1. Does SER216 qualify as being farther than 22 Å from ARG204 by Cβ and loosely packed, with under 10 Cβ neighbours inside 10 Å?
2. Looking at THR99, THR114, which is the one that is modelled with pLDDT of 65 or more, within 15 Å of PHE82 (Cβ to Cβ) and either in contact with a Pro (Cβ under 9 Å, 6 or more places away or on another chain) or in a loop (DSSP other than H, G, I, E, B) (or both)?
3. Quickly run through the stretch 238-256 and pick out the residues that are closer than 14 Å to ILE203 by Cα and assigned to a loop (DSSP other than H, G, I, E, B).
4. Is one or more of the residues making up the stretch 1-12 in contact with an Asp or Glu (Cβ under 9 Å, 6 or more places away or on another chain) and at pLDDT 75 or above?
5. Among the residues of the stretch 73-93, write down those that are at pLDDT 70 or above and either among the charged types (D, E, K, R) or in a helix (DSSP H, G or I) (or both).
6. Looking at SER27 and the list (1) small (Gly, Ala, Ser); (2) more than 43 Å from the chain's Cα centre (by Cα); (3) at pLDDT below 65, which single condition is not satisfied?
Amino acid sequence: MSTTYVELAVLCYEGGADCSTTRIRQSQKPYWPSTATILDRPESWAMRESGTNPLIAQMIFQHFLDAVRPRRTAQYSVFETFFLEPDRPYVDGGTDADTPVGHLGNELISQRFTQLINTFIVATTAPVALTGGFGVSTPFMDYNTSRTDLQIETTSVIIRCHKMWAICLICLSSLLVIAGLLTAFLDLRRKAPGIFDSFVTSIRDSPYARLQHLSSTEDSVDLARRQQNTRVRIGDVKSDDTHGYNAVATLSGSHEVGRLGSRRLYI
């Protein structure tokens, strides 16, 4: 794909209402570089040469001249407000000129300034064909009112990821997942009955647990605190019989508390 610059000879009738090309040839003038814009040829603003409107260039650059003294006002112009609030440059009452524009940084200022220049180029080359609902019949030289639909999209940061907190969250979540999997694994490997939720109640009523009972109405918390140094084991208290018997027993009793086996039947 390539670009060829050409020159045309145009013949018009009826005052320019009906025009047609009569001759065409390859352009003899120096070619413009691919990066050239309308700003590279200010003389082309003349309407008789390129059909552009010179007043648009005058008005748009006048806003930048008004941003410096002695023409500077107490409030920002529309262009200056665009740098601070591009979603609503025509904010009611204007923006206080004490608000610094430089804090936006070079990258953001360059981006929004590029948007302004691009809008200027489009408005200069096609002032009646701007996107937004204005048709060709809409006049642009005189003051007038027009109606069009407008849709504003506002972007705001709801949540921002902090790398250090994200790492901590991932690590803690991983530990919780591992703990959950480990709990399930231990439940599968457990040989004794699941009585740990009511362990104090189990040893209170067990005949194989030698405890000092004070009262049958003693609270389990008080019993656990009082017997905190007592060693107990869940094991087989009838290891010599044909069938084993699981019980919670103290190790200091007269009976033997054997270890549980996977190949023995317990009752």
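The values are calculated or read from the model by the stated rules, or taken from the named source; none is laboratory data. All figures in this text were calculated on a predicted structure; none of them were measured in a lab. In this analysis, Cβ positions are derived from the backbone assuming ideal geometry, glycine residues included, and neighbour counts consider all displayed protein chains.
1. Considered against the rule, which asks whether it is farther than 22 Å from ARG204 by Cβ and loosely packed, with under 10 Cβ neighbours inside 10 Å, SER216 comes out as no.
2. Working: THR114 fails: either in contact with a Pro (Cβ under 9 Å, 6 or more places away or on another chain) or in a loop (DSSP other than H, G, I, E, B) (or both).
Within the list THR99, THR114, the selection yields THR99.
3. The first filter runs over the stretch 238-256 and keeps only residues closer than 14 Å to ILE203 by Cα, leaving 246-253.
Residues satisfying the conditions are LEU251, SER252, GLY253.
4. Step one: of the stretch 1-12, the residues in contact with an Asp or Glu (Cβ under 9 Å, 6 or more places away or on another chain) are 12.
Next cut, at pLDDT 75 or above only: 12.
Scanning the stretch 1-12 turns up at least one residue that is in contact with an Asp or Glu (Cβ under 9 Å, 6 or more places away or on another chain) and at pLDDT 75 or above.
5. First pass over the stretch 73-93, keeping only residues at pLDDT 70 or above: 73-90.
Scanning the stretch 73-93 gives VAL78, PHE79, GLU80, THR81, PHE82, PHE83, LEU84, GLU85, ASP87, ARG88.
6. Exception for SER27: condition (3).
Residue by residue, here is whether (1) surrounded by fewer than 10 Cβ atoms within 10 Å (Cβ to Cβ); (2) at pLDDT below 65; (3) small (Gly, Ala, Ser) holds:
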{"site": "VAL128", "(1), (2), (3)": "no, yes, no"}
{"site": "ASP149", "(1), (2), (3)": "yes, no, no"}
{"site": "THR155", "(1), (2), (3)": "yes, no, no"}
{"site": "TRP165", "(1), (2), (3)": "yes, no, no"}
{"site": "GLY180", "(1), (2), (3)": "no, no, yes"}
{"site": "ARG189", "(1), (2), (3)": "yes, no, no"}
{"site": "PRO193", "(1), (2), (3)": "no, yes, no"}
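Per-residue answers, yes or no, for (1) of a type in the set (S, T, N, Q); (2) surrounded by fewer than 10 Cβ atoms within 10 Å (Cβ to Cβ); (3) under 24 Å from GLN212 (Cα atoms); (4) not assigned by TED's automatic domain parsing to the domain that holds ARG210:
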| position | (1), (2), (3), (4) |
| --- | --- |
| GLN228 | yes, yes, yes, no |
| ARG231 | no, yes, yes, no |
| GLY235 | no, no, yes, no |
| LYS238 | no, no, yes, no |
| GLY244 | no, no, no, no |
| HIS255 | no, no, yes, yes |
| LEU260 | no, no, no, yes |
| TYR266 | no, no, no, yes |
